[in-house]
Amino acid sequence: MSTLRVWARDLGMGARFALAGGRSGWARTALTAVGVALGVVVLALAASVPSALEARAQRVEAREPVWAMDDSGPGPDTFLTAGGATEYRGEEIGGLVLQPEAGAATTAAPPPGLDAFPGPGEMVVSPALAELLDSADGRLLAERLDHERVGVIGDDGLDGPGDLYYYLGSDALAGEASRATGFGNPTFGEPLTAAMALLVLVICVGLLMPVAVFIGTAARFGGERRDRRLAALRLVGADMAMTRRIAAGESLAGSLLGLLLGVPLFLAARQYLGTLRVADLSAYPGDIVPEAGLILLVLLVVPAAALTVTLFALRGVTVEPLGVVRHAEGRPRRLVWRVVPLLLGLLLLVPLTFRFVDADDATLTQAGVGIVLLLTGATVVLPWLVERLVGALRGGPLSWQLASPGGSSWAVARRPAPSAASPSRWRRPPPSTCSSPGSAPWRPPTPARTRAATRYRSSAWTPRERRAPGPSATWRACRASSPPWGRSGARPPASPTSRPPR
Amino acid sequence: MTAQTPQSPQSPGGGLLAATDLHKSYGATPALAGASFVIRAGEVVAVMGPSGSGKSTLLHCLAGIVQPDSGGIHYAGRDLALLSDAERSALRRTDFGFVFQFGQLVPELTCAENVALPLRLIGTPRREAEATAAEWLARLEVADVRHHRPGQISGGQGQRVAVARALVNNPRVLFADEPTGALDSLNGERVMELLVAAARDTGTAVVLVTHESRVAAYSDREVVVRDGRARDMAGAV
Ligand SMILES: Nc1ncnc2c1ncn2[C@@H]1O[C@H](COP(=O)(O)OP(=O)(O)O)[C@@H](O)[C@H]1O
Ligand SMILES: [Mg+2]
């Protein structure tokens, strides 16, 4: 078989497992898919920020008046303008007073979003402003802008759905007013400022952290079943490379599902963001379009990340025909490196609480980096904290023990194991794995079996054994985490009290 | 893939698979203490002994899935200790089959897919693999559970599916560890009949681990393991 076909077969087999993995397999696939989908949505939204800002900037520019030359006089297509911007309860309200110099016969194009210039004393307002004026909150503003409302400004004349803006027609402008010949003045600079980019970065990191934890947790979900499945494959002759490819196929299937799920989720999120107003920022759903290059990157990177998580998790694992050996996972989490980002983040942020008045670029950068570090730090310290807490609770409900990602390995099944390798998380499947649950073919324990179990306990798992040096830890330890066929009759006790001292 | 003709080199001692003076301890517990074993092509050998005497360990060592602390294992003239993991995996794909007490089927796959699995792993196209799998399921009288998952069938049916899977790639050695250990006697008998008949048909040697003499009765020869040592039954062979 060609290499390509071998890969296709193995990845396909993995996908088959992901989709047919029974309830826990399904749960894992679904969780992975949801995690990937969330990650895709967050990143796709981030990738949309430039285009959203660009669209916004374009519309803002499109309604900037084009000033007439200093020496030009009034004409059929000129109009006078005066600023009408004001502030109401901390909200910026933009406005422009307009007076076509040819009166109703003007040939000047009206501002974007309007069909015609408003007549004298007439006012056209943005939907958001209309809403504000009609509300009880806006009563005082309505007194200030007490003009006849003749319409609303269309979307193409607004910077976003939350834009508070109005045009007022007049026939009394003179002197201070400026003469303009049209709208559309490309005067604005780079729409994505450093501060903006930092804000986006911080939000992204803040949102992606839980997503990453989520995907990581999903990857561990149903792990004991996967262990057994992979061991079963090893038994019929899959080598390590095949096994890894099959495992990769499993997580890829979840990721691809996640990508599919991400599309409707993104559309929904975009719609929702259209209703959201943060400060004076708002965006039309139609503006939130990911940049082509960025979204391509996202679509590649997110599944790749999920795949990396899987392969990384398999690095510390040897799948043997008789079971799975974990090499490093039994080690309790180390705090030291986990607090480093947290401390660095605090170090950067604490001084800022004393002086944040002049928000220059350096300050913003410091704030951004600090926040990112703080969030990262919190994310990596949290699992450690959970593990400690669960440890302190001595068992506790199973769900708590599972809550700490590596937790299941010690909470449920960790016990003194041969050499450094610790056994797989779970001992044995319910007897139903190969027989119908109803027609249990299991014989009651015979005296011989009971004896075997006792011997197993007293010999295989003595602390002395753990210290015994082993030339081939893998070979030796693989029986320790045996799948159903690994050991017959004997079943070591899986009591949480057998947790080793830490 | 190794060429496996009857003329292929034989292990020292004339057997297809031979182990000499195997030692294996789990910590302080000796599982094997100087066990030797030979099986010739096509032979059915029962490995008997009380529970905990080291039968399973011996079988695992013979199949190259557990490494003994010392002692040599030769299969068709090759020293298993010198083989890489990939080579030992290839042996399991092409030359060995396994039936354990229970649970060796992949619960996520249907019975037909389970049986087709070894063929798929050696690159047989899906259709062909599934056709062969169907034949084997019929041969073991479980054609009707083809589309069931292992969790949906009885223990006896499960073991038959396992036997079908173990033999589907025409292995030279079938390793059976208490294949009927979880079955009632009626089902156990039938599984043994089918297993031995199929193995004899295909000329597959069988290492049959059991502690029941009823099961051992299907063998050509019995080997008794006691305290980690294997001994041929007097008068056997
Ligand atoms: N993975 C293992 N870890 C520790 N001890 C083991 C392991 N496997 C087997 N043993 C011990 O080795 C001895 C032989 O076991 P085994 O080969 O399973 O015997 P049998 O199959 O004859 O019942 C027993 O004492 C058993 O407890
Ligand atoms: Mg045994």
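Among B:Ala63, B:Ala86, B:Ala129, which one shows the highest mean-square fluctuation when chain B is modelled as a Gaussian network with alpha-carbon springs under 10 Å? Greatest mean-square fluctuation among the candidates belongs to B:Ala86.
Taking each residue as 0.36 nm, the span from A:Phe312 to A:Asp360 lengthens on full extension beyond its C-alpha to C-alpha distance by 13.2 nm. When the charge dipole of the range A:37-97 is built from unit charges on Cβ atoms (+1 for Lys and Arg, -1 for Asp and Glu) and taken about the Cα centre, the candidate among A:Pro65, A:Val49, A:Ala82 whose Cα reaches farthest toward its positive end is A:Val49.
Within 10 Å of each Cβ of B:60-66, how many other protein chain Cβ atoms are there on average?
Values: counts 6, 0, 0, 3, 1, 9, 9.
Partner-chain Cβ atoms within 10 Å, mean over residues of B:60-66: 4.
What FRET efficiency, computed as 1/(1 + (r/R0)^6) with R0 = 60 Å and r the Cβ-Cβ distance, is obtained for B:Asp227 and A:Leu300, rounded to the nearest 0.05? Please list the in-between numbers first.
On the way: r = 59 Å, r/R0 = 0.99.
For R0 = 60 Å, the calculated efficiency reads 0.50.
Legend: ranking of residues B:Thr204, A:Thr32, A:Thr78 from fewest to most surrounding C-beta atoms inside 10 Å; resulting order A:Thr78, B:Thr204, A:Thr32. Shielding of peptide B:183-192 by partners, expressed as the average count of other chain Cβ atoms within 10 Å per residue Cβ, is 1.
Count charges around A:Ala44 for me, please; just the other residues with Cβ under 11 Å from its Cβ, Lys/Arg as +1, Asp/Glu as -1.
Numbers: positive: A:Arg270; negative: A:Glu291.
Local net charge: 0.
3J(HN,Hα) along the range B:199-206: 5, 5, 4, 8, x, 8, 6, 10 Hz, from the Karplus curve 6.51 cos²θ - 1.76 cosθ + 1.60 with θ = phi - 60°, whole Hz, x for Gly and Pro.
Assign one of three labels to the range A:123-185, namely rounded, prolate or oblate, based on the Cα gyration tensor with a ≥ b ≥ c the square roots of its eigenvalues; rounded applies when a/c is under 1.5, prolate when it is not and a/b is larger than b/c, and oblate otherwise. Intermediate results must be reported in sequence, preceding the final value.
On the way: a/c = 2.47, a/b = 1.33, b/c = 1.86.
Here the range A:123-185 falls in the oblate category.
Which of B:Ala138, B:Phe96, B:Gly188 sits closest to the plus end of the dipole of the range B:17-231, meaning its Cα is farthest towards the positive end, when Lys and Arg get +1 and Asp and Glu get -1 on the C-beta? Result: B:Phe96. Given R0 = 45 Å, the distance between the Cβ atoms of A:Leu382 and B:Glu128 translates into a calculated FRET efficiency of 0.30. Evaluating 6.51 cos²θ - 1.76 cosθ + 1.60 at θ = phi - 60° for every residue in the range B:168-180, the Karplus couplings come out as 4, 9, 6, x, 8, 10, 10, 9, 10, 10, 6, x, 10 Hz, glycine and proline recorded as x. Ordered by the count of other Cβ atoms within 10 Å of each Cβ, fewest first, A:Glu320, A:Glu122, A:Glu143 give A:Glu143, A:Glu122, A:Glu320. Computed from backbone phi, the HN-Hα couplings of the range A:224-234 come to 5, 5, 5, 3, 5, 5, 5, 4, 4, 5, 4 Hz, rounded to whole numbers (Karplus: 6.51 cos²θ - 1.76 cosθ + 1.60, θ = phi - 60°; Gly and Pro given as x).
Which value, to two decimals, describes the C-alpha radius of gyration of the range B:17-231 once divided by 2.2 N^0.38 Å? Please list the in-between numbers first.
Numbers: Rg = 16.7 Å, N = 215, 2.2 N^0.38 = 16.9 Å.
In units of the 2.2 N^0.38 Å rule of thumb, it is 0.98.
Charge tally around A:Pro65: other residues with Cβ under 13 Å, Lys/Arg +1 each, Asp/Glu -1 each, net -1.
Using a Förster distance of 56 Å, how high is the FRET efficiency between A:Ala142 and A:Met240, based on the Cβ-Cβ distance and rounded to 0.05? Don't skip to the end; give the middle numbers.
Values: r = 74 Å, r/R0 = 1.33.
After rounding to 0.05, the efficiency reads 0.15.
From least to most packed, judged by other beta carbons within 10 angstrom and beginning with the fewest, B:Phe98, A:Phe266 follow the order A:Phe266, B:Phe98. Each of A:Ala241, A:Ala268, A:Ala231 was scored by the projection of its Cα onto the charge dipole of the range A:213-280, and the greatest displacement toward the positive side belongs to A:Ala231; charges sit on the C-beta of Lys, Arg, Asp and Glu.
A protection proxy built from the mean count of other Cβ atoms within 10 Å ranks the segments A:374-384, B:190-200, most packed first, as B:190-200, A:374-384.
Here, each number is a calculation from the coordinates, and none is a lab measurement. No experiment lies behind these values; they were computed from the predicted model shown. Cβ sites come from the backbone with ideal geometry, for glycine too, and all protein chains shown count toward neighbours.
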